1. Are any residues in the stretch 55-71 assigned to a helix (DSSP H, G or I) and either surrounded by 11 or more Cβ atoms within 10 Å (Cβ to Cβ) or touching a helix residue (DSSP H, G or I) at 6+ places or on another chain (Cβ under 6 Å) (or both), and if so, which ones?
2. Looking only at the stretch 2-28, filter to residues that are surrounded by 14 or more Cβ atoms within 10 Å (Cβ to Cβ) and outside any helix (DSSP H, G or I); which one of those is farthest from ligand 1 (Cβ to nearest atom)?
3. For the stretch 78-88, does any single residue satisfy the condition of being exposed (fewer than 13 other Cβ atoms within 10 Å of the Cβ), within 14 Å of ligand 1 (Cβ to nearest atom), part of a helix (DSSP H, G or I) and more than 11 Å from the chain's Cα centre (by Cα)?
4. Looking only at the stretch 96-126, which residues are under 14 Å from the mean Cα position of the chain (by Cα), more than 16 Å from ligand 2 (Cβ to nearest atom) and closer than 27 Å to residue 56 by Cβ?
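What follows is calculated from the coordinates using simple rules that are stated; it is not laboratory data. What you are looking at is a predicted structure, and each value in this text was computed from that prediction instead of being measured. Here Cβ is always computed from backbone atoms with ideal geometry, including for glycine, and neighbour counts include all displayed protein chains.
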Ligand SMILES: [Fe+2]
Ligand SMILES: [Fe+2]
């Protein structure tokens, strides 16, 4: 993971690393592995988002509405491209190659970083 994406909350960094691993596999995998990996990416993202959302619920994070909305948008978009890719593989490919990383990066830097700060300031142990 690039340093600017590291939040120094190990449970979050691990989930983010796993996402990036799957994403990079998808960029160089064989045709037949692409859709199964896409499914894996979606399932992992559900787990990743649920993990963060549980922390926000449990500790009454001040900005959870914005963070939850962002998760919903990101996941919705991923699922949209997955469905499209069943008929038109090129849609899925261009999403994975040209958009997914930037979207993820923006979320980590702008949104997850606030949650990470909150976790540190409140000494929340995960
Ligand atoms: Fe995250
Ligand atoms: Fe998040």
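1. At the first step, the residues of the stretch 55-71 found to be assigned to a helix (DSSP H, G or I) are 55-58, 64-71.
Correct list: 55, 56, 57, 64, 66, 67, 68, 69, 70, 71.
2. 6
3. No.
4. 99 - this is the single residue of the stretch 96-126 that is under 14 Å from the mean Cα position of the chain (by Cα), more than 16 Å from ligand 2 (Cβ to nearest atom) and closer than 27 Å to residue 56 by Cβ.
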